[in-house]
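Everything below concerns the one structure shown next.
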Amino acid sequence: MAFWLDLMFGNFIGLLSMIVIFCTIGIVSYIGWLFVVKSAPIEKK
């Protein structure tokens, strides 16, 4: 845990890489959620 805290808050590059990793995970999960929602069968009214 101390290693991750040092990596995140110890220097600027570590913080930027953590931000990039979490943003990438968020974007990929959003695209996956969109794919699941859009590929659902269309309800006929």
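So here's what we get for this one:
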quantity	calculated
Mean accessible surface per residue for the chain, computed with a 1.4 Å probe while every protein chain stays in place, in Å²	98 Å²
The chain, accessible surface, carbon-and-sulfur percent (1.4 angstrom probe)	78 percent
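The values are calculated or read from the model by the stated rules, or taken from the named source; none is laboratory data. Only a predicted model underlies this, so the values are computations on that prediction, with no experimental measurement involved. To get the accessible areas, we keep the full protein, side chains included, count just its heavy atoms, and leave off ligands, DNA and RNA. Shrake-Rupley method; radii C 1.70, N 1.55, O 1.52, S 1.80 Å.
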